[in-house]
Amino acid sequence: MHRLYLLLAAALFIGPAMTWAQTPSATETNSKVSADQVSFYAVPLACPAAHNLGCGSAAKPVLLALEKKNIVQEAWLDHAGTTLAIVWKKGATGDARAAEIRYVEDDRSISLHDQTGQHRDKLLKSFAARTGWYRGAEVDRLSEEEAAVIADRLILRATRKAPTIADKSGPLRTAMTNVIREQLTRCTSTQCRQDCHKKIVDIARKNLNDEEFNALMEAEKQGYRPIGDER
């Protein structure tokens with residue numbers, strides 16, 4: 001059974017990760033900006049439900065709000081959700097930039113720490129290619145990745161209790177990922193989240209027998225976040 005679990009884990013996690021690693025972010029944005037127009041800030045926007053992944057639902061309102069500011073040209077988040085990049089409009093003064101950052105910190109209840117020195121130089125090189133950086137609504141792609149991680153996690157938990165789920169994991173994973181992605185990117189109300197839970201229940205009923213269904217429902221009750229050494 002342990003070997004079956006390891007094989008399922010490899011099939012669920014390794015394949016998708018390879019696809020995402022090859023997907024650039026917003027390479028269509030090729031406008032030239034000077035280095036002094038760009039500021040980098042350490043931010044707490046990593047996803048609690050998936051390691052080393054930015055939280056799209058938390059980052060999206062921050063990025064969109066920033067881009068509505070008169071002195072901000074573009075706002076981006078890195079894939080890990082730990083660095084915010086702001087491209088300031090030409091002529092934006094240091095005092096205006098600092099005031100905007102203080103406003104964002106107060107308005108969103110987050111801390112932004114300016115990145116300087118060699119670390120900034122390294123970030124500039126990464127940002128120049130815009131690979132692994134996400135702007136505005138693009139962070140929905142991070143939520144899509146998060147949804148797949150969560151679906152995998154729930155299936156793996158359930159498989160420990162009902163190993164036969166492994167044979168049905170393909171269609172189950174796809175259907176669950178779609179619903180969880182909807183929940184992460186569109187739900188703003190308790191009713192919407194309840195509707196998504198019902199969809200998960202319906203998917204499980206359609207694809208699983210009673211033992212498997214109960215195992216998956218038990219896994220879902222444990223929550224979306226990793227437990228112990230879960231990925």
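The values are calculated or read from the model by the stated rules, or taken from the named source; none is laboratory data. Bear in mind the structure is a predicted one, so any value in this text is a computation, not a measurement. Ideal geometry is used to build each Cβ from the backbone, glycine not excepted, and the neighbour counts take in all protein chains shown. We work out accessible area using only protein heavy atoms, side chains counted, and drop any ligands, DNA or RNA first. Shrake-Rupley method; radii C 1.70, N 1.55, O 1.52, S 1.80 Å.
Given a Förster radius of 25 Å and the C-beta distance between K168 and D229 as r, what FRET efficiency does 1/(1 + (r/R0)^6) yield to the nearest 0.05?
About 0.50, to the nearest 0.05.
Using a 1.4 Å probe, how large is the accessible area of L124, given in Å² and rounded to the nearest 10?
So the heavy atoms of L124 present about 40 Å² to solvent.
Return a whole-number percent for the relative contact order of the chain, with Cα pairs under 8 Å and 6 or more residues apart as the contact set.
Taking the mean separation of contacting Cα pairs over the length of the chain, I get 24 percent.
Relative to 2.2 N^0.38 Å, what does the C-alpha radius of gyration of the range 102-231 come to as a ratio? Two decimals please.
Working it through for the range 102-231, the quotient is 1.36.
For the chain, modelled as a Gaussian network with Cα springs under 10 Å, which listed residue fluctuates most, G136, G81, G170?
Most flexible of the set in this elastic network: G170.
About the Cα centre, and with charges only on the beta carbon of Lys, Arg (+1) and Asp, Glu (-1), how big is the dipole of the chain? Nearest 20 debye, please.
Result for the chain is approximately 180 debye, rounded to the nearest 20.
To one decimal place, what orientation-averaged projected area in nm² is obtained for the convex hull of the Cα set of the range 119-169?
Average projection, Cα convex hull of the range 119-169: 5.6 nm².
Based on DSSP H runs of at least 4 residues, each adding -39500 (n - 2.57), what is the mean residue ellipticity at 222 nm of the chain after dividing by all its residues, to the nearest 500 deg cm²/dmol?
When only DSSP H runs of four or more count, the value is -18500 deg cm²/dmol.
Would you list M176, M217 from the most to the least accessible area, probe 1.4 Å?
M217, M176
How far is it, in nm, from the label point at H51 to the one at V33 when both lie 7 Å from their Cα along the line to the Cβ?
Using points 7 Å along Cα→Cβ, the separation is 3.2 nm.
Add +1 for every Lys or Arg and -1 for every Asp or Glu among the other residues with Cβ under 12 Å from the Cβ of A98, and state the total.
Its environment carries a net charge of -2.
Mind ranking Y224, Y103 by accessible surface for me, highest first, 1.4 Å probe?
Listed by decreasing accessible area, they come as Y103, Y224.
For the range 31-170, compute Rg over Rh where Rg is the Cα radius of gyration and Rh is the Kirkwood radius from the inverse mean 1/r over Cα pairs.
Rg/Rh: 1.10.
Could you provide, to the nearest whole Å², the per residue accessible area of the chain with probe 1.4 Å?
Heavy-atom accessible area per residue stands at 53 Å².
Quick one: net charge of N178's neighbours, Cβ under 12 Å, K/R +1, D/E -1?
+2
If the elastic network links every pair of Cα atoms under 10 Å, which of N207, N70, N178 fluctuates the most in the Gaussian network model of the chain?
For the chain, modelled as a Gaussian network with Cα springs under 10 Å, the answer is N70.
Tally Lys and Arg at +1 and Asp and Glu at -1 over the other residues with C-beta under 12 Å from the C-beta of T131: what net charge comes out?
+1
For S109 and K198 in one chain, what is 0.36 nm times their gap in residues minus the Cα-Cα distance, to one decimal in nm?
My answer for the length gained is 28.8 nm.
What length, rounded to one decimal in nm, is gained on full extension from R120 through to A99, with 0.36 nm per residue of separation minus their alpha-carbon distance?
5.5 nm
If each residue of separation counts as 0.36 nm, what is the full-extension length gain between R160 and E182 once their alpha-carbon separation is subtracted?
Contour length minus Cα-Cα distance gives 5.3 nm.
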